[in-house]
Amino acid sequence: MGLCGICLRLVVVVEMLLLMAANAAPPPPQLAQAKPGCPTTCGGLQIVYPFGTKRGCYLNKAFLITCNYTYYPPKPFLRQSTTVVVTNISLEEGRLQVQSLVSKDCYHKNGTKRESTVTSLTLGELTFSDTQNKFTVIGCDSYGRITGEIGSKHYSKGCISECNYKDDATDGDCSGSGCCQIDIPKGLNGIEVSASSFNNHSNVWQFNPCTYAFVIEDSQFRFGSSNLSNTSESVPTAIDWSITGQGNCDKAKNNASYACNKNALRYQPPANNSADGYLCKCDHSYHGNPYLPNGCQDFDECDKGNHTCVKQAHCINTPGNYTCECFKGYKGDGRKEGQGCIPNQLQATQIVIGVSLGFVMLLVGSSLFFFMFKKRRLIKLKEKFFQQNGGFLLQQQLSKRTGASDTAKIFSEEELKKATNNFDEKRIIGRGGYGTVYKGFLTDNNPVAIKKSKIVDQSQIEQFINEVTVLSQINHRNVVKLLGCCLETEVPLLVYEYVTNGTLFDHIHNKDEKPTIPWETRLRIAAETAGVLSYLHSSAATPIIHRDVKSTNILLDDDFTAKVSDFGASKLVPIDEAQLSTMVQGTLGYLDPEYLHTSQLTEKSDVYSFGVVVVELMTGKKVLSFDRPEEERSMVMYFLFSLNAGRLFEILDNGIVNDDNREQTREVGELARRCLRVKGEERP
């Protein structure tokens with residue numbers, strides 16, 4: 001092989017190594033988006049100027065975002081609203097995404113009205129996006145109406161959706177069978193949405209008890225037949241915004257309040273309904289926030305690789321542009337591929353010698369670089385998982401509660417892999433609503449229970465953060481103790497004390513494998529569980545509603561001491577609120593019927609579930625079973641029927657009643673009856 005061939009190969013190897021090093025370089029810091037000295041986030045929303053959360057941080061009152069810290073995490077509301085949550089701010093498109101409420105018209109099976117809501121939203125200078133939104137009506141006996149104002153004109157339009165059977169509705173189709181959609185006009189700055197029914201849903205009630213009507217961002221919605229029986233309380237809606245009150249683009253530059261700063265251009269937004277309004281964008285080769293002073297920074301084409309320099313030329317950044325300079329030993333135009341930088345023959349020998357020596361050094365260093373690159377990549381991946389799993393938010397919450405942060409330990413992924421034999425399936429001891437539980441052994445051979453989430457999505461991360469936050473506030477001998485967590489894995493992990501004797505459900509219902517629990521022990525388990533609920537409702541720093549009290553969530557140790565577990569569905573209740581409006585969660589059979597029908601969660605919902613557990617303890621029967629006769633399928637209903645008929649002792653579990661405790665069991669049965677009353681206010 002000739003000298004030129006060797007040189008060419010060396011040059012190629014050097015360029016590949018340099019390219020790897022360039023790709024491994026850390027990204028440049030992100031440019032500021034909020035006004036200096038002002039809050040940059042509210043909950044999960046990044047605050048972008050001209051929007052701001054307090055006086056001096058926004059352009060004018062039209063751009064106020066109210067950050068309500070009474071929620072966890074904090075919620076950003078549009079202006080002074082208490083219902084319209086802002087979920088995204090876009091500078092380039094001049095658009096907000098908000099959560100607007102859904103109008104409903106719901107009926108009972110007998111045709112009487114159960115719920116009816118009319119929603120309205122006024123935006124002032126802002127307008128609903130006519131290009132992104134659709135007015136949507138869902139139902140099979142339904143029509144909806146949207147009214148509003150466009151300047152001084154009144155707007156009104158309706159949409160009808162009908163079908164006789166659930167199968168008539170086709171997923172993804174909103175042409176009038178189960179789902180109806182129409183466009184909205186440009187310039188709507190205020191709307192009122194109502195939902196109605198033709199025949200009180202009497203013919204379709206089994207699969208469609210309600211009409212739903214709302215304005216939704218079309219790209220965020222795909223109709224499915226499941227929407228007929230269950231639709232969210234709020235939906236994403238697109239709002240257009242621009243800088244108004246300064247005239248059109250040509251006049252605005254002469255206004256004292258002109259919003260576009262240095263290296264920024266103004267332009268007329270396509271969505272604006274009038275000539276009075278404009279948006280700003282950074283000039284060519286600049287990026288950042290054009291509404292902030294010095295917000296548009298030079299875009300380094302050389303650093304980003306967005307240039308046309310040939311391989312034999314340096315890219316040199318200049319304000320708003322770049323130049324290409326040939327390497328030493330080359331001459332010509334650094335931008336012209338093939339005829340740009342030509343080797344200088346006088347220096348070719350020097351280049352070959354220099355490259356040869358450099359190659360030897362790079363060859364030795366490349367191995368070290370590879371291992372460093374691999375290690376750095378692993379660290380970055382763990383940092384990504386830490387942030388993805390809500391690590392920063394979790395740190396903020398735990399830092400406010402020093403008692404929990406002092407005792408909870410942050411485990412590494414390697415520690416928990418070793419403890420569970422790399423999460424061996426043989427180590428699985430339970431599967432819950434939000435994850436799988438493994439038995440593990442730490443380095444000191446102490447057994448622990450390690451909970452691993454099933455999937456990675458935002459709702460699961462919120463459940464994980466919720467469980468850690470709730471457990472960090474609880475210090476009770478009958479609540480399973482949180483030992484720590486691991487956040488550097490793809491799915492978050494929680495580490496608990498290991499409770500040795502399984503669940504109450506197993507002991508009550510798997511009698512072939514477990515000995516019968518005597519009445520005195522059952523009564524103590526019920527008392528300990530009631531003590532936990534009393535602590536959660538009345539003694540915790542912030543009242544807590546468990547929301548999923550059931551026998552599978554009550555663990556037992558070797559002494560049959562109760563340990564309440566699984567706080568993934570729990571809710572923290574602000575002290576000044578007696579009830580919460582939430583999406584209904586819980587387990588069928590244990591679920592409070594009042595909560596199920598009203599979505600109003602109170603501590604009395606836990607009381608109802610506790611009453612169901614007491615029925616299990618007394619009867620030894622599963623709460624729901626379709627293997628039993630029809631009148632006994634719901635053990636709660638059969639228990640209440642038997643109690644009213646004076647036949648309580650006929651349905652109790654074998655061996656728990658004797659002459660000494662008959663009066664006591666009768667009193668416990670009466671307590672269960674009180675806990676299971678339909679109205680929460682009548683429960684103890």
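The values are calculated or read from the model by the stated rules, or taken from the named source; none is laboratory data. Treat the numbers as computed from the prediction; the structure is a model and nothing was measured. Here the Cβ positions follow ideal geometry from the backbone for every residue, glycine too, while neighbour counts run over all protein chains shown.
Within the stretch 55-71, the set of residues being surrounded by fewer than 17 Cβ atoms within 10 Å (Cβ to Cβ) and aromatic (F, W, Y) comprises Y69, Y71.
Evaluated against (1) over 30 Å from E93 (Cα atoms); (2) in a loop (DSSP other than H, G, I, E, B), T231 falls short on exactly one condition, (1). Restricting attention to the stretch 409-441 and to residues that are crowded, with 18+ Cβ neighbours inside 10 Å and in a loop (DSSP other than H, G, I, E, B), the residue that is modelled with the lowest pLDDT turns out to be Y434. The residue that is surrounded by the fewest Cβ atoms within 10 Å (Cβ to Cβ), among those in the stretch 482-500 that are outside any strand (DSSP E or B) and touching a Ser or Thr at 6+ places or on another chain (Cβ under 9 Å), is V491.
In the set V657, V668, only one residue is out of contact with any helix residue (DSSP H, G or I) (no Cβ under 6 Å at 6 or more places or on another chain), touching a residue at least 40 places away in the same chain (Cβ under 8 Å) and closer than 20 Å to P518 by Cα; that residue is V668. Condition check: part of a strand (DSSP E or B), modelled with pLDDT of 90 or more and touching a Gly at 6+ places or on another chain (Cβ under 6 Å). Does I239 satisfy that? Taking the combined requirement at face value, the residue does not satisfy it. Looking across the stretch 187-197, just one residue is at pLDDT 90 or above and outside any strand (DSSP E or B), and that is L188. Considering the stretch 41-54, and only residues there that are among the β-branched types (V, I, T) and buried (at least 17 other Cβ atoms within 10 Å of the Cβ), the residue that is nearest to E93 (Cα to Cα) turns out to be V48.
When C163 is tested against (1) closer than 20 Å to D218 by Cα; (2) modelled with pLDDT of 90 or more; (3) buried (at least 19 other Cβ atoms within 10 Å of the Cβ), just one condition goes unmet, and that condition is (1). Inside the stretch 206-220, residues that are part of a loop (DSSP other than H, G, I, E, B) and surrounded by fewer than 19 Cβ atoms within 10 Å (Cβ to Cβ) make up a count of 2.
Within the stretch 488-519, the set of residues being more than 20 Å from D566 (Cβ to Cβ) and either among the aliphatic types (A, V, I, L, M) or in contact (Cβ under 8 Å) with a residue 24 or more places away in the chain (or both) comprises E488, T489, E490, K511, T516, I517, P518, W519. For S103, the conditions (1) of a type in the set (G, A, S); (2) modelled with pLDDT under 90; (3) on the phi < 0 side of the Ramachandran plot are fulfilled apart from (2). Quick check: anything in the stretch 454-477 surrounded by 13 or more Cβ atoms within 10 Å (Cβ to Cβ) and at pLDDT 85 or above? So far as the stretch 454-477 goes, yes, one or more of its residues are surrounded by 13 or more Cβ atoms within 10 Å (Cβ to Cβ) and at pLDDT 85 or above. The residues of the stretch 285-322 that are polar (S, T, N, Q) and within 46 Å of the chain's Cα centre (by Cα), listed by number, are S285, N289, N294, Q297, N306, T308, N317, T318, N321. What are the pairs with Cβ atoms under 7 angstrom where one residue, in the stretch 68-87, is closer than 19 Å to T40 by Cβ and touching a residue at least 60 places away in the same chain (Cβ under 8 Å) and the other, located anywhere, is of a type in the set (F, W, Y) and surrounded by 16 or more Cβ atoms within 10 Å (Cβ to Cβ)? Sequence gap at least six, or different chains. Close Cβ pairs (under 7 Å, with a partner that is of a type in the set (F, W, Y) and surrounded by 16 or more Cβ atoms within 10 Å (Cβ to Cβ)) amount to V85/F77.
I'd like to know if the stretch 637-645 contains one or more residues that are within 42 Å of the chain's Cα centre (by Cα), of a type in the set (S, T, N, Q) and within 27 Å of H108 (Cβ to Cβ). No: zero hits.
So, in the stretch 34-86, exactly how many residues are of a type in the set (A, V, I, L, M, F, W, C) and part of a strand (DSSP E or B)? The qualifying residues number 9. When you scan the stretch 581-591, do you find a residue that is modelled with pLDDT under 85 and of a type in the set (A, V, I, L, M), even just one? Checked the stretch 581-591: at least one residue is modelled with pLDDT under 85 and of a type in the set (A, V, I, L, M). Among residues of the stretch 283-328 being among the hydroxyl-bearing types (S, T, Y) and assigned to a loop (DSSP other than H, G, I, E, B), the one that is surrounded by the fewest Cβ atoms within 10 Å (Cβ to Cβ) is T308. Picking from residues in the stretch 329-343 that are in a loop (DSSP other than H, G, I, E, B) and surrounded by 19 or more Cβ atoms within 10 Å (Cβ to Cβ), the one that is modelled with the lowest pLDDT is G340. Checking the stretch 81-97 against the condition returns no match, with no residue being charged (D, E, K, R) and at pLDDT 95 or above. Among residues of the stretch 89-107 that are among the hydroxyl-bearing types (S, T, Y), those with a Cβ under 8 angstrom from a residue that is not in a strand (DSSP E or B), sequence gap 6+ or separate chain, pair up as S100/V84; S103/V118; Y107/N200; Y107/H201; Y107/S202; Y107/W205; Y107/P209. Among the residues that make up the stretch 650-671, is at least one of them in contact with a strand residue (DSSP E or B) (Cβ under 9 Å, 6 or more places away or on another chain), within 30 Å of S599 (Cα to Cα) and in a helix (DSSP H, G or I)? No: the stretch 650-671 contains no residue that is in contact with a strand residue (DSSP E or B) (Cβ under 9 Å, 6 or more places away or on another chain), within 30 Å of S599 (Cα to Cα) and in a helix (DSSP H, G or I). Restricting F641, F649 to residues that are over 17 Å from A526 (Cα atoms) and touching a Ser or Thr at 6+ places or on another chain (Cβ under 8 Å) narrows the list to F649.
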